[in-house]
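Worksheet: one structure, shown below.
The values are calculated or read from the model by the stated rules, or taken from the named source; none is laboratory data. Bear in mind that the values here come from a model prediction, so they are computed numbers and not experimental data. Using ideal geometry, Cβ is built from the backbone for each residue, glycine included, and neighbour counts are taken over all protein chains shown. When the accessible area is computed, the model is the full protein with side chains, heavy atoms only, and any ligands, DNA or RNA have been set aside. Shrake-Rupley method; radii C 1.70, N 1.55, O 1.52, S 1.80 Å.
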Amino acid sequence: MRCRLACLVLWAVIGAGCAQDTARLAEGLRRTDAAPRIALMPMDILLSRVSAGGFSQPVADWMASADYNLTQALRQAAVERGLVLRSVDPAPAAAPGLRQAQLLQDAVQDAILLHHFGDARDRLPSKFGSLRWSLGPTARQLRDAVSADYALFVRLRDSYSSAGRRVLAVVSMVLVGMPLSGGQQVGIATLVDLRTGQVVWARALDRSTGDLRDPGPALETARLLLKDLPQ
Amino acid sequence: MRRVLVLALGLAVGLTACARFQPVQRDRVAVGGGLSVMGSAVWNRFPVGVLGADAAWTQDGLPLDRVLFYVAHGDGTPLFEHGRDRRSLEYRANMTATEIADLWASELALAGNGDVRTGAPQPVRFAGLPGFRFDYSYANPSGLVFDGFVVGAATAKGLYLIAFAGTRAHHFLAYRSAAEHLIGSAEIAVE
Amino acid sequence: MRWISLTASAMTLLLALGGCSAGLPELVPRARPDIRSDEAGLWLVAAKSEAALQQAPTAISDPGLNRYVRGIACKVAGPYCPDIRVYLVREPGLDARMLPNGALQIGSGLLLRLRDEAQLAAVIGHELGHYVERHSFDKAWRQRVGSDIRAWLGVLAQGLAGGGGDAADALMPVRDGAFSSSQEIAADSIGLRQMTAAGYAPAAVVDFWHASVAELGERQSSIALRLLARHPAPGSRLDRLRTAVAAVAEPHAVRGYVRYQAALAPFRAAFLADEVRLRLPTETLRLFERLRRQQGLDATLAFYWGEVYRLRGWKDDRQLALKFYGEASRLPNAPVALDRSIGLVRRSESDWLAARAAFRRYLAAAPDAADAAMIRAYLAEMPEA
Ligand SMILES: [Zn+2]
């Protein structure tokens, strides 16, 4: 709410765009292979319940169902775009030798969120607005581990207001006139060409709707995540 | 909302609200304190100090690679910024390279990094002055490992340091020659 | 619906305010929380931290030391042995942390500070107590309820006072990492029971907490002594411990001093260097006093003692540094770096003659030192005496 306002102000003052539900493609990303081998890497998902006081509690069974729901939903959304996603066994992807590759990929996603999708003032002039990040030689290690040409990395944080917080939000609005933030769905998905290491596509999510606990809304999230993936 | 996104995904870069990355021209760039280097468009300048530096440059973003510049750093001030009085972290004008490398290691460790290592300092010429160079490495709080090197010289105007670091998995090797190029082109103006 | 929730929330508040603090039932060995419970969420997050811990660059991988500490942990844990996984990490300062899922992180600074095996058993037993009693979960629950109360009070106070201003402060969750005194007492009693059952001398518990509190001195807290921040040890707790220990007569109990110091010996210099690197001279000097009382002064400790003074560099510190370097040089196995440090101190005093002599001794003892070229450059820069 407050950010949308801030974005509006930003847009009015300096004409900078807002980073809501945006996707960026590395230039020249085209479907060259008829059937590219895309591995859906083990996802980093955290679902939590926000208490009245804003204390966020991770909820294990939500996470278990979200992992299952989103995996199924992403595969279906990919099929709708004419792509086949292969889930990979989490064990080899979490091998000790791949730890630094995984941490690098997390840091690259952080950098993309910050410098590509983030506040306009944090854009890197040297990138000229294009998506130019790479996992370097670690991509080859990942390629050997998952036997695929592309890897899709998904990181999502999904939070839901507890009943107590929903009540407090109403009371706060009525008494103080101050809105309380409710549940959020924030995250990023990146597609990496494992032959070159280049991040060829990325999409950020930052919204106050969405629900991964049920298959239906999870499919909506998956479709939104993959919306701009080249057909 | 942005704050929520940043928090939720564990970004910790400490960017200030009015920070703005600026392009670097392919020309001689004045860094400050009389220090200048040959720029290149691959870099981005972050005008506000990171880790107490007077300037920070990066190619892919500060969480991945960075060149930190410390210029004309005076006697009696710590290299990094500290919330409270830390006299034991102050730079002294009569310090040797050995002592500066130790100070660098302390600062990195106190900034929350683990497995901080510094190599033995070597005498080199820096900006035409007798200086020193040492390698270093560390793991950031998430465990991502960085390699880097520091080149510097103590002058009458104070200490000058250029410190490069990049992820061991990719950015150090990818951008080290660009960093070497910056360092090789450094000049310190004599007043 | 809303009013039902509101009533429920109000009830929770009243319960919490009333200090309704019936402890949770103990975990039985091999217990796992139900996936639908709040505790399972805590375990899941802990499992992620544990996965990071397993591959952390700061992990101490030495198989001998790991085997040694795990062996003691297993003995102390008894029936809980399969539930406890020990991770040694290179981290100065006093810290050990039991994650809610039984992953026990032990910092190198803790290992450095312990006198003997029985003290290690005491710390492990205490941490095990927090695990068995599910104190992290209890703490998280209390924090949540506390933040809920603050949020409600904040909003109501703002609303009733008519101010629309900064209710946000009241809405920020306050995180307080310390265990409560009743949790500490419970963990102490389980720890004492477990270490005694494993054959260790219970007196080590009192020694350990007493020495740690002494190291803290008159301060409220120190960034080097994080264990004390999480496990407050006021005088009343120590008195209670002392009484409990006195009641357990154990004539044949083990301290394991020699065995412990032998296991730690190969790592001691590196762990001491980590402490010096924090540049908390007052704290580090107190730590070194603790170590001298426990183990006496050897060349390594004397050298790092000198290093603390050299790096601090207050007015008499150079003389104090030289005094400790002198002690180190008279003890067996003085480190090679000793002469380099003497050279640096002498150089900073502009005592060129003594500096030259020390640097030359260093180069003679370590002609292939990685920094030999740099030291030669220092020699060349120094004015003739
Ligand atoms: Zn405790």
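Considering region C:212-232, and only residues there that are open to solvent by 40 Å² or more (accessible area, probe 1.4 Å) and away from the ligand (no atom under 16 Å from the Cβ), the residue that is nearest to the chain's Cα centre (by Cα) turns out to be C:223.
Restricting A:132, A:143, A:166 to those that are open to solvent by 30 Å² or more (accessible area, probe 1.4 Å), out of contact with any Leu (no Cβ under 7 Å at 6 or more places or on another chain) and either of a type in the set (Gly, Ala, Ser) or more than 13 Å from chain C (Cβ to nearest Cβ) (or both) reduces the list to A:132. Looking across region C:121-149, just one residue is within 7 Å of chain A (Cβ to nearest Cβ) and either within 11 Å of the ligand (Cβ to nearest atom) or surrounded by fewer than 20 Cβ atoms within 10 Å (Cβ to Cβ) (or both), and that is C:143. The lone criterion from (1) within 14 Å of chain A (Cβ to nearest Cβ); (2) under 21 Å from residue C:126 (Cα atoms); (3) free of Cβ contacts under 8 Å to residues at least 40 places away in the same chain left unmet by residue C:106 is number (1).
Looking at the structure I just gave you, is residue C:315 within 13 Å of another protein chain (Cβ to nearest Cβ), free of Cβ contacts under 8 Å to residues at least 60 places away in the same chain and surrounded by fewer than 16 Cβ atoms within 10 Å (Cβ to Cβ)? For residue C:315, the condition - within 13 Å of another protein chain (Cβ to nearest Cβ), free of Cβ contacts under 8 Å to residues at least 60 places away in the same chain and surrounded by fewer than 16 Cβ atoms within 10 Å (Cβ to Cβ) - is met.
Yes/no matrix, rows are residues, columns are (1) under 18 Å from the mean Cα position of the chain (by Cα); (2) facing chain C (nearest Cβ under 10 Å):
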| residue | (1), (2) |
| --- | --- |
| B:112 | yes, no |
| B:116 | yes, yes |
| B:127 | yes, no |
| B:142 | no, yes |
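A residue that is among the hydrophobic types (A, V, I, L, M, F, W, C), in contact (Cβ under 8 Å) with a residue 40 or more places away in the chain, at the interface with chain B (Cβ under 7 Å from one of its Cβ atoms) and more than 30 Å from residue B:47 (Cβ to Cβ) cannot be found anywhere in region A:150-160. When residue B:49 is tested against (1) more than 8 Å from every other protein chain (Cβ to nearest Cβ); (2) modelled with pLDDT under 95; (3) not in a loop (DSSP other than H, G, I, E, B), exactly one condition is not met: (3). Condition check for residue C:96 on (1) more than 15 Å from the ligand (Cβ to nearest atom); (2) of a type in the set (Gly, Ala, Ser); (3) away from chain A (no Cβ under 14 Å); (4) in contact with a strand residue (DSSP E or B) (Cβ under 8 Å, 6 or more places away or on another chain): one failure, at (1). Among residues of region B:145-165 that are more than 19 Å from residue B:135 (Cβ to Cβ), those with a beta-carbon under 6 Å from a residue that is part of a loop (DSSP other than H, G, I, E, B) at least six positions away or on a different chain give the pairs B:158/B:74.
Taking residues in region C:271-299 that are within 20 Å of residue B:98 (Cα to Cα), and partners anywhere that are of a type outside the set (Asp, Glu) and open to solvent by 20 Å² or more (accessible area, probe 1.4 Å), the pairs with Cβ atoms closer than 6 Å and at least 6 places apart or on different chains are C:272/C:304; C:274/C:92; C:275/C:92; C:276/C:304; C:277/B:109; C:278/C:92; C:281/C:312.
A Cβ distance below 7 Å, combined with a sequence gap of six or more or placement on separate chains, defines the contacts here; from region C:324-345, residues that are more than 17 Å from residue C:312 (Cα to Cα) reach residues that are outside any helix (DSSP H, G or I) in the pairs C:327/C:297; C:328/C:334; C:331/C:298; C:336/C:366. Within region C:46-77, the set of residues being more than 17 Å from residue C:103 (Cβ to Cβ) and in a helix (DSSP H, G or I) comprises C:63, C:64, C:65, C:67, C:68, C:71, C:75.
Inspect all residues belonging to region C:341-361 and state whether any of them is open to solvent by less than 40 Å² (accessible area, probe 1.4 Å), of a type outside the set (Ser, Thr, Tyr) and either in a loop (DSSP other than H, G, I, E, B) or touching a Pro at 6+ places or on another chain (Cβ under 9 Å) (or both). No - not one qualifying residue is present in region C:341-361. Entry remark, region C:233-253: residues being within 13 Å of the ligand (Cβ to nearest atom) and exposed (fewer than 15 other Cβ atoms within 10 Å of the Cβ) number 1 in total.
So that you can scan it fast, the table gives a plain yes or no per residue for (1) modelled with pLDDT of 95 or more; (2) farther than 15 Å from residue A:38 by Cα; (3) within 14 Å of chain C (Cβ to nearest Cβ):
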residue	(1), (2), (3)
A:52	no, yes, yes
A:58	no, yes, yes
A:68	yes, yes, yes
A:76	yes, no, no
A:80	no, no, no
A:88	no, no, no
A:93	no, no, yes
A:96	no, yes, yes
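Residues that are open to solvent by less than 10 Å² (accessible area, probe 1.4 Å) and under 29 Å from residue A:101 (Cβ atoms) within region B:147-161 comprise B:148, B:149, B:150, listed in sequence order. The residues of region A:101-113 that are closer than 19 Å to residue B:66 by Cβ and either among the hydroxyl-bearing types (Ser, Thr, Tyr) or open to solvent by 20 Å² or more (accessible area, probe 1.4 Å) (or both), listed by number, are A:106, A:110.
Taking the condition within 16 Å of the chain's Cα centre (by Cα) and either open to solvent by 30 Å² or more (accessible area, probe 1.4 Å) or away from the ligand (no atom under 16 Å from the Cβ) (or both), does residue C:205 pass? It is false that residue C:205 is within 16 Å of the chain's Cα centre (by Cα) and either open to solvent by 30 Å² or more (accessible area, probe 1.4 Å) or away from the ligand (no atom under 16 Å from the Cβ) (or both). Only residues that are away from chain A (no Cβ under 11 Å), over 18 Å from residue B:177 (Cα atoms) and either modelled with pLDDT under 90 or open to solvent by 30 Å² or more (accessible area, probe 1.4 Å) (or both) were counted in region B:22-33, giving 2. Restricting to region C:249-276, count the residues that are of a type in the set (D, E, K, R) and within 16 Å of the chain's Cα centre (by Cα). Result for region C:249-276: 3.
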